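In what follows, a single structure is set out as structure tokens and then discussed.
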Amino acid sequence: MIPQDKVRHLVRLGVLVLDFFAIIIAFTLATHLRGDIGFLNDDATLNNALTRVRPVGVIVWMLMIAAFGGYATREYGAGVEAYRRVFNASLATVSVFALGLFLTQTSLSRSFFLLLFTIGIPLVLLFRMTGRRILHFLYQRGFGMKRVLIVGTDLQAAELSRMLNRAPWLGMKPIGVVDSKVSFPQPTQHHQLPVFNPSDGLLPLADNNDVDLILFASGSVPESTDFRRFVWQFEGHHTQLAVMPSLVDVAADRIRTRPIAGLPIVYVEDPRSQGALSRGKRLFDFVLASLILIIISPLMIGTAFGVKLTDGGPVLFKQTRVGRDGRMFTMLKFRSMVVDAETKLAELRGGNSTNTVMFKLEHDPRVTPIGRIIRRLSIDELPQLINVLRGDMSLIGPRPPLPREVVQYSDDEWRRLRVRPGLTGLWQVSGRSDLSWDETIRLDLYYIDNWSLLQDLSILMKTLRAVLSSRGAY
């Protein structure tokens, strides 16, 4: 097994290489394309300036990313913080670059400057996403995983273990539990992890079991001074210490830690559901939905002909769904089932195995041959772009429920109706119909409470991958 410190160095080196090539490619493309839209004529002086600027520009850009914390390996595996740091660093590089050209009185094509950052910023982010996908691929196959020792009760260990095993792309593998509230020997009741005796000491346990991370569950350390002593013990040691606070599904950028009298106090910002209802998001939905409809209109016309020729029935399937704040609306889809599909629903309900509220059947006999194709590729959902233009739906949000589903909602589940339902969302890119109802609700509530434009863009990009893989689509 490769030591974690070497893994971190290799990951950091890989990210540095990806950033370097992304910036070099951006410089190269901007250099070759500037002549097409250039405001200045190409001449030897301009080419010489570009030759001098290129190496300096690459170094400055990468230094700015480093200054903004873009090479902190703890951010690589998950979350949008790594992308946010790179994006902010790139915007700062624009200012530094412009100031440097002004102070040195370097004559440089304005079209080159515009192209460089218009191409470069998305390219660096795209290379970062590609690097993350490679890292997740390696983690899911067991390469470079952190060995995690959990400190907490039996139930806490079971919950954390399930969470880590459910998300192998995080790169954390639980290998044991330290529970101070049990006597030994003690059989585990809620998990299959070995239980270690706390009297053996955390430091010897970490050394004997090659532990890379010790994860303390909430309340697992009785006194704050006890945790401070643990920190002292592991000073200079390769094993990291982390505390799992009792906060559920709160995005990192909603959490602020401020010291008060030497104690770190965690502040949690308000949920961001209002952002998902903003005029900016509505404008984003309208413009993008209009562009997509124009681009895919030939595909939609072809699909409409295919559905009509199958059995002569209607092209569109219209169904009443529940939207924002419980308002009813008519959702549009290309019809993928036989005409009398709704009348056959009751006799099929026993076959639903994944979701106890939303009815989904993997091998539904009501689906037509062309319906199976358009469902696998999510083409049947495309008419919902019209719902987006009408304002009934958003491009990204919780899936619109049926009235019979809403009747079963608890108070917490009603919160998913706080915003407009979406054509795609975290549910869509995280497993779709393969998810349980609890997982579906958890993802929807996470999206609503932690909304951000960057998260919306990330979901849109992941949607394409989810559609192409057809995972959970039936």
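The values are calculated or read from the model by the stated rules, or taken from the named source; none is laboratory data. This structure is a prediction, so every number in the text was calculated from the model and none was measured. A quick note on method: Cβ atoms are made from the backbone with ideal geometry, for glycine too, and the neighbour counts reach across all protein chains shown.
Tabulated results
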read-out	value
Check on residue 272, surrounded by 13 or more Cβ atoms within 10 Å (Cβ to Cβ) and basic (Lys, Arg)	yes
Matching residues, the range 56-103, being modelled with pLDDT of 75 or more and of a type in the set (Gly, Ala, Ser)	57, 66, 67, 69, 70, 72, 82, 89, 90, 92, 95, 98
Hits in the range 11-29 (condition: touching a residue at least 12 places away in the same chain (Cβ under 8 Å) and surrounded by fewer than 17 Cβ atoms within 10 Å (Cβ to Cβ))	12, 14, 16, 20, 21, 24, 25, 29
Residue list for the range 411-449, filter: among the small types (Gly, Ala, Ser) and either modelled with pLDDT of 85 or more or within 14 Å of residue 393 (Cβ to Cβ) (or both)	422, 425
Residues (at pLDDT below 75 and among the aromatic types (Phe, Trp, Tyr)) located in the range 6-55	39
Complete set of residues in the range 195-212 that are in contact (Cβ under 8 Å) with a residue 60 or more places away in the chain and either surrounded by fewer than 21 Cβ atoms within 10 Å (Cβ to Cβ) or in a helix (DSSP H, G or I) (or both)	209, 210
Residue, modelled with the highest pLDDT, within the range 450-474, restricted to residues that are polar (S, T, N, Q), over 16 Å from residue 412 (Cα atoms) and not in a helix (DSSP H, G or I)	452
Within the range 310-352, considering residues that are assigned to a helix (DSSP H, G or I) and acidic (Asp, Glu), the one modelled with the highest pLDDT	325
